[in-house]
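Comments concern the structure below.
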Amino acid sequence: MSILPRISLKPEVADFLRSVFMNKEVLAAVGHQEAECRFQKLLACLSHPPSYTCVRASTHLAPLEEIKHKLAEELKKQQQMCSSSAEEVSLQILPHPRIPDVLLLPVDGPRAVKRLTSEVVVGAQCGSAVLRGAHVFVPGIVASPKYMKAGDVVSVFADLEGKCTRGATSFQGQSVFVGNGVAQLDRSSIFCTNEPAKGIGVRMVEPLYQSPSFDGVLPSLAFLQNLPSVVVGHVLGPRPGERILDMCAAPGGKTCHIAALMGDQGEVVALDRIRNKIDRIRQNAQMLHLRSIKAFCFNSTQAVSSEPAQEAAGPPFSPESFDRVLLDAPCSGLGQRPNMCSTWSLKEICSYQPLQRKLFHAAVRLLKKGGVLVYSTCTVTLSENEEQVAWALDTFPCLTLQSQEPHIGAEGMLGAGLSPEQLRLLQRFSPELNWDQTGTAAPLPCRADGDTIGFFIAKFLKD
Ligand code: SAM
């Protein structure tokens, strides 16, 4: 039985996704029943968190074993501080068997948690963060009981459709229970002050899904990152001394991983179109002690210089001036988990393909001959993934698909006219293929590799 409801989508979007997962090629290969089953599992698993929390360890600063040990110590301290009972939950930290800088922590859930009469309502995004181990921060709180005092034990619900009025004392709309916690502030300090309160508003003590909160835990050594995102850095394969371009870089998780893999030797140019996100890249680089990163606010569709070749420190850049390019494209994000509700229209979802193609044109021009281009998204549609690969191979005869290392996800999805050999070179993380609510699915490593966010990676070589 599912504790969380399936992701709520606009009907037009649900129909579109069904047509993707039940396209002619898939139906011919696996049959109608299996295709329908995969689609239903996709809708179910998207609202739940992956069953492992993935931490990227800063192995450029310390050996993995040392980081694992320090992390265990820190999390134990945290557990002792927060535990509401004498019972100590066992804390497992497992090195990934194939990825040298990944530590995995099993997520315990969904757990049987009793709902209380005092209810705090939070936004959907905040609710998703709680399902991944976060506490409730004050800005996420939308409603609370009228007489709520610091120290009250409350049940936390996520407002799925964003319909709860800020400051309300109760809410009748569509919401989902995410666990119980202890209020850290009185209601008046949350809603009735001129200066908005900050910090933790509800400390979660009985979350529906139990996983450690990493807030302030070993900031320079343990970086929370989805497993497929860590795979991207390894697939790109940067080497010390190279010049790398990360075209859509904020908040900089992959940028920092690339610089770390290069031992901070060389240059990693990080671009993002949104100015205040550039600060996040710089903060992350500073936190992880990485100096080879240069971040600029720039529209990457215009990152190729039309001037004759000259060495520019900032964008735009001369054609063929990078050894490797990462295009971690802006996308419809339909692979993100947990995601209990998407209010996006079909038009919004379909708006990404043309933008990704413009970025792709710039990526190919900026890449040196013999260089590597990695294209990735965190979505599950064909139009932003396999169809983009088919288009790129048609449009740029200089590109060939390359095999990926590590390849721990599934192969590409049928439906875009790619050959079986081409599909095998692609890496699609398809949680619906591994989704098993009973928790009795394959043991590690298969379970952690299969039960991730939905993600897609393609690797090209420019001849
Ligand atoms: N690579 C990032 C990481 O791992 O932390 C995540 C990148 S996110 C998928 C896509 C990013 O693309 C967003 O931060 C967005 O602001 C940026 N973006 C969108 N359009 C862009 C453009 N034309 N040029 C540069 N960045 C763009």
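Any idea which of (1) buried (at least 22 other Cβ atoms within 10 Å of the Cβ); (2) at negative phi; (3) more than 16 Å from the ligand (Cβ to nearest atom) is the one Arg203 doesn't satisfy?
(1)
Residue-by-condition table, conditions (1) near the ligand (Cβ under 8 Å from one of its atoms); (2) in contact with a Phe, Trp or Tyr (Cβ under 7 Å, 6 or more places away or on another chain):
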| site | (1), (2) |
| --- | --- |
| Val231 | no, no |
| Leu236 | no, no |
| Arg243 | no, yes |
| Ala249 | yes, no |
| Ile258 | no, no |
| Lys294 | no, no |
| Phe298 | yes, no |
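Looking at Ile453, is it within 14 Å of the ligand (Cβ to nearest atom), outside any helix (DSSP H, G or I), in contact with a Gly (Cβ under 8 Å, 6 or more places away or on another chain) and more than 21 Å from Met22 (Cα to Cα)? Give the steps one after another, and end with the answer.
Working: within 14 Å of the ligand (Cβ to nearest atom): yes; outside any helix (DSSP H, G or I): yes; in contact with a Gly (Cβ under 8 Å, 6 or more places away or on another chain): yes; more than 21 Å from Met22 (Cα to Cα): no.
No, not satisfied.
Restricted to region 300-331, and to residues that are within 13 Å of the ligand (Cβ to nearest atom) and polar (S, T, N, Q), which residue is farthest from His234 (Cα to Cα)? It would help to see each step written out before you state the result.
Kept after step one, since they are within 13 Å of the ligand (Cβ to nearest atom), are these residues of region 300-331: 300-304, 315-316, 325-331.
Remaining after also requiring polar (S, T, N, Q): 300-302.
Working: Ser300: 23, Thr301: 25, Gln302: 27 Å.
Among those residues, the one meeting the criterion is Gln302.
Does Arg115 meet the test of being over 23 Å from the mean Cα position of the chain (by Cα) and exposed (fewer than 15 other Cβ atoms within 10 Å of the Cβ)? Full working, then the answer.
Values: over 23 Å from the mean Cα position of the chain (by Cα): yes; exposed (fewer than 15 other Cβ atoms within 10 Å of the Cβ): yes.
Yes, satisfied.
For Leu334, state whether it is within 11 Å of the ligand (Cβ to nearest atom) and either in the same structural domain as Lys277 (by TED's automatic domain parsing) or buried (at least 20 other Cβ atoms within 10 Å of the Cβ) (or both).
Working: within 11 Å of the ligand (Cβ to nearest atom): no; either in the same structural domain as Lys277 (by TED's automatic domain parsing) or buried (at least 20 other Cβ atoms within 10 Å of the Cβ) (or both): yes.
So Leu334 fails the test.
Would you confirm whether any residue within region 339-353 is in the same structural domain as Val232 (by TED's automatic domain parsing), touching a residue at least 40 places away in the same chain (Cβ under 8 Å) and either within 12 Å of the ligand (Cβ to nearest atom) or charged (D, E, K, R) (or both)?
There is no residue in region 339-353 that is in the same structural domain as Val232 (by TED's automatic domain parsing), touching a residue at least 40 places away in the same chain (Cβ under 8 Å) and either within 12 Å of the ligand (Cβ to nearest atom) or charged (D, E, K, R) (or both).
Yes/no matrix, rows are residues, columns are (1) within 30 Å of His361 (Cα to Cα); (2) small (Gly, Ala, Ser); (3) modelled with pLDDT under 95:
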| residue | (1), (2), (3) |
| --- | --- |
| Ala197 | no, yes, yes |
| Pro212 | no, no, yes |
| Pro219 | no, no, no |
| Ala222 | no, yes, no |
| Asn226 | yes, no, no |
| Met247 | yes, no, no |
| Gly253 | yes, yes, no |
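What single numbered condition from (1) open to solvent by less than 50 Å² (accessible area, probe 1.4 Å); (2) part of a strand (DSSP E or B) fails to hold for Lys369?
Going through the list (1) open to solvent by less than 50 Å² (accessible area, probe 1.4 Å); (2) part of a strand (DSSP E or B), Lys369 breaks only (1).
Go through (1) within 21 Å of Ala295 (Cα to Cα); (2) more than 16 Å from the ligand (Cβ to nearest atom); (3) not β-branched (Val, Ile, Thr) one by one and return the number of the condition Ser213 breaks.
Among (1) within 21 Å of Ala295 (Cα to Cα); (2) more than 16 Å from the ligand (Cβ to nearest atom); (3) not β-branched (Val, Ile, Thr), Ser213 violates only (1).
Determine whether region 202-222 contains at least one residue that is within 12 Å of Asp328 (Cβ to Cβ) and more than 20 Å from the chain's Cα centre (by Cα).
Of region 202-222, the ones within 12 Å of Asp328 (Cβ to Cβ) are none.
There is no residue in region 202-222 that is within 12 Å of Asp328 (Cβ to Cβ) and more than 20 Å from the chain's Cα centre (by Cα).
For residues in region 261-281 being within 13 Å of the ligand (Cβ to nearest atom) and open to solvent by 10 Å² or more (accessible area, probe 1.4 Å), which is nearest to Pro63 (Cα to Cα)? Break it down stepwise before answering.
At the first step, the residues of region 261-281 found to be within 13 Å of the ligand (Cβ to nearest atom) are 268-281.
From what is left, the residues that are open to solvent by 10 Å² or more (accessible area, probe 1.4 Å) are 272-277, 279-280.
On the way: Asp272: 31, Arg273: 35, Ile274: 35, Arg275: 35, Asn276: 33, Lys277: 30, Asp279: 28, Arg280: 26 Å.
Of everything passing the filter in region 261-281, Arg280 is nearest to Pro63 (Cα to Cα).
Restricting attention to region 392-419, and to residues there that are more than 27 Å from Thr452 (Cα to Cα) and open to solvent by 30 Å² or more (accessible area, probe 1.4 Å), which single residue is nearest to the ligand (Cβ to nearest atom)? If you could, list the steps in order and put the result at the bottom.
First, pick out the residues of region 392-419 that are more than 27 Å from Thr452 (Cα to Cα): 393-400.
Imposing the further condition that a residue be open to solvent by 30 Å² or more (accessible area, probe 1.4 Å) reduces the set to 393-395, 397-398, 400.
Working: Leu393: 23, Asp394: 23, Thr395: 19, Pro397: 25, Cys398: 23, Thr400: 24 Å.
That would be Thr395.
The values are calculated or read from the model by the stated rules, or taken from the named source; none is laboratory data. Because the structure is predicted, anything quoted here is derived from the model rather than measured. Note that each Cβ is placed from the backbone with ideal geometry, even for glycine, and that neighbours are counted across all protein chains shown. Quick note on the areas: whole protein, heavy atoms, side chains included, nothing else; ligands and nucleic acids left out. Shrake-Rupley method; radii C 1.70, N 1.55, O 1.52, S 1.80 Å.
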